[in-house]
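Visitor: Encoded as structure tokens, here's the structure I'll be asking about.
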Amino acid sequence: MIIKEVFTMKKFITIPLILVAALLLVQPVKAEELNQMEEQTIITLSSFIAEPADGGVFLFWETSSEIDNVGFNIYRSEQKNGEYTLLNDDMIIAEGSPTEGMLYEFIDDTVQNRKIYYYKLEDFDIYGVSTFHGPVNATSRMIYGIER
């Protein structure tokens, strides 16, 4: 009976010592690092560009991989730090895979010429997590290729 009690006490001493040792190995996290640790989607965006066109703006983006990606949304604002409005009526369906990306395009034909517009791209996954990319900008022109 005495042997059992000593063995039990040894178990209770060993487990807390392991927990204390594990806690000592954990590094403290700074407050600014916590802000950067928000949940993000798992896509690799290779590029996101806005090109002016005759009476519109062409948006192109390319992914090199997409894991659990459902689709994309495009948002537009007239100011870089302004309020952005959703442009697409329906989600732009994701077509990439974990091993192969995809090239996508969207045409914004609701712009006024000679006005600068800012765009953000949102991707979202099967878990409801979304990530915003951008902004990128372009100025729509009457005749593509001529700046005034």
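Visitor: So if I place +1 on the C-beta of Lys and Arg and -1 on the C-beta of Asp and Glu, and nothing else carries charge, what would the dipole magnitude of the range 42-139 be about its Cα centre? I want it in debye, nearest 20.
Guide: 520 debye
Visitor: So if R0 is 22 Å, what FRET efficiency would L86 and S46 give, r being the distance between their Cβ atoms, rounded to the nearest 0.05?
Guide: For R0 = 22 Å, the calculated efficiency reads 0.40.
Visitor: Same structure, new question: Between V70 and R114, what FRET efficiency follows from the Cβ-Cβ distance if R0 is 30 Å, with the result rounded to 0.05?
Guide: Efficiency computed from Cβ-Cβ geometry: 0.25.
Visitor: Given R₀ = 22 Å, what would the calculated FRET efficiency be for I126 paired with E100, taking r from the Cβ atoms and rounding to 0.05?
Guide: Approximately 0.75, to the nearest 0.05.
Visitor: I need the GluC sites (Glu not before Pro) found in the range 66-148, filtered to DSSP loop residues with at most 10 other beta carbons within 10 Å of theirs.
Guide: Sites meeting the loop and neighbour criteria: E83, E147.
Every number in this text was worked out from the coordinates using simple rules, so none of it is lab data. Computed from a predicted model, the values in this text were never measured in an experiment. Positions of Cβ are generated from backbone atoms using ideal geometry, with glycine treated the same way; all protein chains shown enter the neighbour counts.
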